[in-house]
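The values are calculated or read from the model by the stated rules, or taken from the named source; none is laboratory data. All figures in this text were calculated on a predicted structure; none of them were measured in a lab. Backbone-built Cβ (ideal geometry, glycine too); neighbour counts: all protein chains shown.
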Amino acid sequence: MHAAAPRRVSFIAFCAANVLIDLESAYNLWYGRYPVHAFLHTYVGASCIFGATVGLFLCLRWLASRRRLPNLFGWQTLSARQVAAGAALGAYSHIVFDSVMHEDIRPLAPFSQANALLDTIPLGYLHLLCVALGGVGLAVMGWRAVRAQRHRAD
């Protein structure tokens, strides 16, 4: 989505939301807790991560206006709307893809213990789909970069 609408979707926020969600899994794996995919791997948990990602961005942007912080990847120029779009796409797509592949995820908890998406796509195909979508995204971003370079040269 970032490749299709780079001015509307923050890739940094997309990645941040995904990493924040998987911190729970890393913790559970480290300490041998089950289920590995617990609260943050629900739509309610993903909503909390969405809010936390946007809130963290706004706090850091406020702090950056008062203190000198590194502007890695130009994060300080992102709008709250771009961050919200990236965080939402990252958090909710994470739950969808993990729902297809992990038995222990209950994406609709606490309202339901069902996981209707489990095994709807064979795992190998899901991985190929992710790689293919990533490849398309990289190709679009590369094409945009080449096009921008040509416009600067003109």
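Does region 71-78 contain any residue that is at pLDDT below 95, touching a Lys or Arg at 6+ places or on another chain (Cβ under 9 Å) and part of a loop (DSSP other than H, G, I, E, B)?
Scanning region 71-78, I find at least one residue that is at pLDDT below 95, touching a Lys or Arg at 6+ places or on another chain (Cβ under 9 Å) and part of a loop (DSSP other than H, G, I, E, B), so the answer is yes.
Condition test on Ala139, is it in the same structural domain as Arg33 (by TED's automatic domain parsing), under 20 Å from Phe14 (Cα atoms) and outside any loop (DSSP other than H, G, I, E, B)?
No.
I'd like the residue in region 107-154 that is touching a residue at least 24 places away in the same chain (Cβ under 8 Å) and of a type outside the set (A, V, I, L, M, F, W, C) and, out of all such residues, is surrounded by the fewest Cβ atoms within 10 Å (Cβ to Cβ).
Among those residues, the one meeting the criterion is Pro110.
Quick check on my filter: what residues within region 62-106 are of a type in the set (Phe, Trp, Tyr), in contact (Cβ under 8 Å) with a residue 24 or more places away in the chain and exposed (fewer than 14 other Cβ atoms within 10 Å of the Cβ)?
The one that is of a type in the set (Phe, Trp, Tyr), in contact (Cβ under 8 Å) with a residue 24 or more places away in the chain and exposed (fewer than 14 other Cβ atoms within 10 Å of the Cβ): Phe73.
Among the candidates Arg81, Arg150, single out the residue that is assigned to a helix (DSSP H, G or I) and either among the β-branched types (Val, Ile, Thr) or assigned by TED's automatic domain parsing to the domain that holds Ser25 (or both).
Arg81
Given the residues Phe73, Phe111, which is the only one that is out of contact with any Cys (no Cβ under 9 Å at 6 or more places or on another chain), under 27 Å from Arg8 (Cα atoms) and of a type in the set (Phe, Trp, Tyr)?
Among Phe73, Phe111, only Phe73 is out of contact with any Cys (no Cβ under 9 Å at 6 or more places or on another chain), under 27 Å from Arg8 (Cα atoms) and of a type in the set (Phe, Trp, Tyr).
When region 9-42 is examined, which residues are found to be farther than 19 Å from Ala88 by Cα, among the hydroxyl-bearing types (Ser, Thr, Tyr) and in contact (Cβ under 8 Å) with a residue 24 or more places away in the chain?
Answer for region 9-42, where residues must be farther than 19 Å from Ala88 by Cα, among the hydroxyl-bearing types (Ser, Thr, Tyr) and in contact (Cβ under 8 Å) with a residue 24 or more places away in the chain: just Tyr34.
Give the number of residues within region 23-53 that are in a helix (DSSP H, G or I), among the aliphatic types (A, V, I, L, M) and surrounded by 13 or more Cβ atoms within 10 Å (Cβ to Cβ).
The total comes to 5.
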